[in-house]
1. Arrange the residues Trp201, Trp87 by how much accessible surface each exposes, largest first, with a 1.4 angstrom probe.
2. Assuming 0.890 mPa s and 25 °C, estimate D for segment 211-281 with Stokes-Einstein, Rh taken as the Kirkwood radius over Cα pairs, in µm²/s.
3. Quick check: convex hull of the Cα atoms in the chain, volume per residue, rounded to a whole Å³?
4. Obtain the nm distance between the two label points defined at Lys464 and Leu452 by a simple spin-label model: each point lies 7 Å from its Cα along the Cα-to-C-beta direction.
5. When Lys and Arg each count +1 and Asp and Glu each count -1, what net charge do the other residues less than 15 Å away from His118, Cβ to Cβ, add up to?
6. Using only alpha carbon pairs under 8 Å that are at least six residues apart, calculate the relative contact order of the chain and give it in whole percent.
7. Once both axes come from the Cα atoms, what is the angle between helix 231-256 and the longest principal axis of the chain, in degrees from 0 to 90, rounded to 10?
8. For the chain, give the share of DSSP beta bridges that are antiparallel, in percent and rounded to the nearest 5; count only bridges with both residues there.
Amino acid sequence: MAVNRYDKDEELNVKVDFSYLGMIKKYLPGHGKEIAMVLIAMIVTAVLDLLPPFFLSVVLDKCLPGKNYKLLIIVSAVLLASYLMRWVLDRVRSFNSNNMAMTIIKDIRSDLFSHMQHLPFSFFDSRPHGKILVRVVNYVNTISNLLANGFFEMVTNIFKIFAILFFMFTMDVTFTLVCLAGVPVFIFIVVLVRKAHRKSWQKFSAKQSNLNAYIQESISGMKITQSFAREEENARIFDELCEDTKRARIKAIVIALTTPRFVSIISSVTLISVYIVGVNMVSAHTVGVGALIAFATYVSRFWDPVVSLTTVYNEFVNCAAYLERIFQMMDEPLVVENLPDAKDIGQIKGRLQFEDVTFSYEKNTPNILENLSFDVSPGETIALVGPTGAGKSTVINLISRFYDLNDGKILIDGEDIKHVTLKSLRSQMGIMLQDSFLFSGTIKDNIRYAKLDATDEEIIEASKAVCAHDFIIGLPKGYDTEVTEGGASLSAGQKQLIAFARALLSDPRILILDEATSSIDTETEKILQKGLERLLEGRTSFIIAHRLSTIKNASRIMYIADKGVAECGSHDELMEKQGRYYELYMAQYKFLEDL
């Protein structure tokens, strides 16, 4: 997968693909009543909008010359009633269209977020999180106006055009043909600029995504930025991204305004032509002044829905670019998902087998593991050691099926984990990764994250077992102390202890600890080891630790190297063998002596 950075534009389809607009239709069921009410309100309003010019011709050609005041009063009353009705219909249209649009927006955003929860780690590893965020928030918000007004305005404007043409042909064919002479020019202009319009808004969308990605990255790395005095350089990069976004936006707007400006010119030329022809016809007494004024008004109104249609078309093009990114994310394959024949694994006992496992993170890249096989009995504690990048974390990620294998099988209690449901598998695993992430909320909420129905007593018991209880009750509000996103208000060691309590609270059958004690001081680690001895008992456990003194009591130690298990045995067995583990242990021991 290509690297997707904040300074790299996302490349999508070059052609306008309105099929993405069609994907919205799956959200329309249940909104039939609202759609019908909006369409009726807009069509009736469109008809009422066409009455004033007709009544004006009646007033000028019939009421005033013949002093027919009774007809004038009737016309005035009808116009007043039409204005009041338009006000009521506008309220009906506005409420129903916006209610429908906001409901659909909520549904799209919920589906997008739900799909995101099941995407593989590789999806998040390959792109800035800011570019994901902009899809869920900004892009979904952008299409709200299209849903509330765009589709309805398109139908209404098409109706208006045909209704105005009907009135115009009824009044005078010659005038109508003069007006329609500008239509071919309009079509030529639309075809001419549509490709440039599409590309300009797609470019702006990409620049906006880049800007959002850099903001998110900068916030996440603010401590590093200030530590290395990178503020000015980061501000310069941000300014460049803002400038790129501004230029892309201006270019898109200039191109978007091209068609309406040309339509205004065509409308003006058409109107002048109608007046020239009309003056001659009025002089010849073939039409009245009122009819000419009414027709000129219809000419202006004929081009209004035409201009509006181009605006709606531009909005469709803009939203197609945003929807392309939204539904592209929804179409991201769930590389790791439940197979059709997946079943509940049941209560795990803890036997685990790797059978000729081969794995690489991406296609056409070197394998991390090749033909790896080993067997772990229930209750065993397996320590994984070896050089950086050898595949230790890969092994535990595969046990949890965060990635699928290239070849081979992983069995738990004799069941191939590829054929069991992810929830039944992962819900029985206690996993503490190297990055101890805490969510915004209380400490109690963060520990309970692993088991939502856990009691306060269970939370406290798990915290005591991992030596987190003493520091937690020393905080201002104890377990109810608020934690900021990422746990910025706590030390790295404190975050790890909370994460440890969270992992253990679920009472896992398989416990996975990836550098779980890397941020804990030596004295706390000694106390923690005593608590873990009871918790590890009866559970199959995998421990990755660079501090080798912490794994001496493991049932077996596997030295991961050369795409497999280079050495395996207890601490004493491997030390007696004087192989790779012995060299690693002695090197670390000597390093500590030299401190």
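The values are calculated or read from the model by the stated rules, or taken from the named source; none is laboratory data. Computed from a prediction, not measured in an experiment: that's the story for all the values here. Neighbour counts run over all protein chains shown; Cβ positions are idealised from the backbone, glycine included. We work out accessible area using only protein heavy atoms, side chains counted, and drop any ligands, DNA or RNA first. Shrake-Rupley method; radii C 1.70, N 1.55, O 1.52, S 1.80 Å.
1. Correct descending sequence by accessible area is Trp87, Trp201.
2. D, rounded to a whole number, is 150 µm²/s.
3. Measuring per residue, one finds 213 Å³ for the Cα hull of the chain.
4. The answer from the label model is 2.8 nm.
5. Once all neighbours under 15 Å are counted, the net charge is -2.
6. Across the chain, relative contact order equals 14 percent.
7. 30 degrees
8. DSSP beta bridges in the chain are roughly 50 percent antiparallel.
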